[in-house]
Amino acid sequence: MNKDQMVNGNQESGTFKTILVTGGAGFIGSNFVLHMVSKYPQYKIINLDSLTYAGNLDNLKSIEGNQSHVFVKGDICDAQFVNSLFDEYQPDAVVNFAAESHVDRSILDPQVFLRTNILGTQTLLDAAKNHWGSKPDAKYVQVSTDEVYGSLGETGYFEETTPLAPNSPYSASKASADMFVRAYHETFGLNTSITRCSNNYGPYHFPEKLIPLIISNALEDKEIPVYGDGMNIRDWLYVEDHCRAIDLVLHKGGAGEVYNVGGHNEKGNIDIVKLVLKELGKSEELIKYVKDRAGHDRRYAIDASKIKRELGWEPEVMFDEGILKTIKWYLDNKEWLENVKCGNYKDYYSKMYSEK
Ligand code: NAD
Ligand code: TYD
């Protein structure tokens, strides 16, 4: 494939036959798989996930038996395996969600982040490069994060041109992966796009992350640990809005382009904690200020004007609505939460799927 052969790399109304989604049993990946299967029944979705602690096939129960979704258990770092998957299914697009995604875990054990997030990405890029010589319209989308830009002061926004300045082992590994994606576009002409999204929230969010942790602990009247002074700011986006953005980038994103995705919704952590406690009718006495996270980024805020201008994306679910939907989802799905907390969700795979 030659870069010049791509019409600006832009699949204006690109369509695909088979999409390899990696990490599709995790929080955002499973929401994306559900979105794609419902919106594009003509596509085949190959869902590759190694089912780490964060992968949960319960998230995909509603599409069980659906012929357009194939789940495959496997590791994105295993080059032989990934290449055999390309041989077998001939995907014409890849959307890479698979990652270690929790900052606190990256502080405790950085190496697994390096392996999955960097080596895994490079392995996927390599397989795509080796299989897509005759498919100039094939597309690789890397799902990255705003955390690669580091931390903002009280003002300003991350733009796509903001220099990368990651502060945690997690964000360093995601930034490195982004650099490999860039390099495979520049060097090999691979049709790649990168999305950099702010913090997501919504259904199927693993209860180690702030919002589901608050809900989960509050339901059990357990303390809610608030790091530092609780004044760190995140820009929250409802997960379905992120999925719609990735869908657009997959179909219309320019080759070699980066798109920031954000909710225009900056909130201090403590304000979120208080809001969720209030909605659940729980006391603020559950709040426990604890030692700050090492290297804790102070503020994230996204300038998402490029994706709005070029692809017409805007968030549809405002925070006031999204947080109520999310709380309701956890209240309506207590079994899902219990299964995650007691580890039962891990049995599902052995019951439903055979090892590849
Ligand atoms: P998650 O931790 O919920 O899910 C990650 C999934 O990847 C899991 O299903 C896990 O089993 C799978 N996985 C891990 N290692 C693997 C490997 N070696 N091979 C195959 N599968 C593997 O993460 P998430 O919150 O859904 O995030 C998905 C992606 O979006 C990540 O790349 C993350 O960096 C990015 N992102 C997340 C957020 C957020 O707020 N959660 C925001 C912006 C970007
Ligand atoms: P988190 O959900 O881990 O996402 P990220 O670190 O990727 O932004 O954390 C969101 C914010 O909430 C972050 O500033 C850290 C803070 N936090 C707490 O105060 N207490 C907690 O128990 C957790 C998990 C996070």
Segment 158-231: trypsin sites (Lys or Arg not before Pro) in DSSP loop, at most 11 other beta carbons within 10 Å: none
Cβ-based charge dipole, the chain, positive-most Cα from 162, 305, 250: 250
Two-site FRET efficiency, residue 292 against residue 53, from Cβ-Cβ distance with R₀ of 30 Å, rounded to 0.05: 0.75
Placed amide H near residue 257: partners under 5 Å, 5+ positions off or other chain: 194
Residue with peak Gaussian network fluctuation, the chain [Cα springs, cutoff 10 Å], from 88, 223, 240: 88
Near-label residues of segment 218-259 by backbone N, under 11 Å of a point 7 Å along Cα→Cβ of residue 341: 218-223
Share antiparallel - DSSP beta bridges, the chain, percent rounded to 5: 10
Over 29 Å (Cα to Cα) - which of 73/139; 222/267; 174/252; 39/282 fall in this group: 39/282
Cβ charges +1 (Lys, Arg) and -1 (Asp, Glu), total dipole of segment 193-261, debye: 280
Computed E for residue 320/residue 17 - FRET, C-beta separation, R0 45 angstrom, nearest 0.05: 0.70
GNM flexibility winner over the chain from 193, 173, 62 (Cα, springs under 10 Å): 62
Rounded to 5, the percent of DSSP beta bridges in segment 157-301 classed as antiparallel: 20
Å³ per residue enclosed by the Cα convex hull of segment 197-356: 159
Heavy-atom SASA rank of 126, 109, 247, 92 (probe 1.4 Å, accessible area, largest first): 109, 126, 92, 247
Size of electric dipole in the chain: Cβ of Lys, Arg +1 and of Asp, Glu -1, about Cα centre, debye, nearest 20: 340
Carbon and sulfur %, accessible surface of segment 66-155 computed with the full protein complex present, 1.4 Å: 47
Against the rule of thumb 2.2 N^0.38 Å, how large the Cα Rg of segment 1-149 comes out: 1.04
Rg(Cα) / (2.2 N^0.38 Å) computed for the chain, rounded to two decimals: 0.95
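The values are calculated or read from the model by the stated rules, or taken from the named source; none is laboratory data. These figures come from a predicted structure and were not determined experimentally. With ideal geometry, Cβ positions are generated from the backbone for all residues, glycine too; neighbour counts draw on all protein chains shown. The area values use the complete protein model at the heavy-atom level, side chains included, leaving out ligands, DNA and RNA. Shrake-Rupley method; radii C 1.70, N 1.55, O 1.52, S 1.80 Å.
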